[in-house]
1. Taking the solvent-accessible surface of protein heavy atoms with a 1.4 Å probe, what is the per residue accessible area of the chain in Å²?
2. May I ask for log10 I(q)/I(0) of the chain at q = 0.09, 0.17 Å⁻¹, from a Debye sum over the Cα atoms as equal point scatterers with solvent left out?
3. Relative to the first principal axis of the alpha-carbon coordinates of the chain, what is the inclination of helix 107-130, with its axis defined by its Cα atoms, in degrees from 0 to 90 and to the nearest 10?
4. Would you calculate a helix-derived [θ] at 222 nm for the chain, using -39,500 (n - 2.57) for each DSSP H run of n ≥ 4 and dividing by the full residue count, to the nearest 500?
5. For the chain, find the longest principal axis of its Cα atoms and tell me its angle to the long axis of helix 70-80, 0 to 90°, nearest 10.
Amino acid sequence: MRQVKFEQLNSELWQQLERVLDDLDLSKRKRQLAGGEHERLPELYRKTCNHYALAQSRHYSPALEGAQLHSLVLRGHSRLYRRRGAGLWRLLSFIGAEFPRTLRQNARYFWLATALFLLPAMLVDGYCYTIPR
């Protein structure tokens, strides 16, 4: 496939990825959630990586390969696989808020699992206590 045709077929997808990345960067600065398309980031990133590999293997021009696709792949990678800091803060948040909320939401399953664990133990304990020595 010629480079011009390749660019025509895939340029819309690359523009979508660029818009999503720009929206996410903007939302990060404003501390708001970006709506809608941001959930498609993994799919768009995966397809763009495939296009980047194709462009490299077909030896397309460095302008397409290096400047456009490489920068999109780098931005997408840094967005998807960024390090999340404040590990202690996230742990405290989990212990203080997320775990109790999840436990309350699944209280029935918790009590069922507790009963299924403790009742047989209590039955065996009672049997062992009552048998003659």
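The values are calculated or read from the model by the stated rules, or taken from the named source; none is laboratory data. All figures in this text were calculated on a predicted structure; none of them were measured in a lab. Ligands, DNA and RNA are excluded from the accessible area calculation, which covers all protein heavy atoms including side chains. Shrake-Rupley method; radii C 1.70, N 1.55, O 1.52, S 1.80 Å.
1. Spelled out: the 1.4 Å probe surface of the chain, per residue, equals 80 Å².
2. Listed by q, the Debye log ratios stand at -0.53, -0.97.
3. 30 degrees
4. Dividing the helical sum by the residues of the chain leaves -23500 deg cm²/dmol.
5. So the helix axis and the longest Cα principal axis differ by about 20 degrees.
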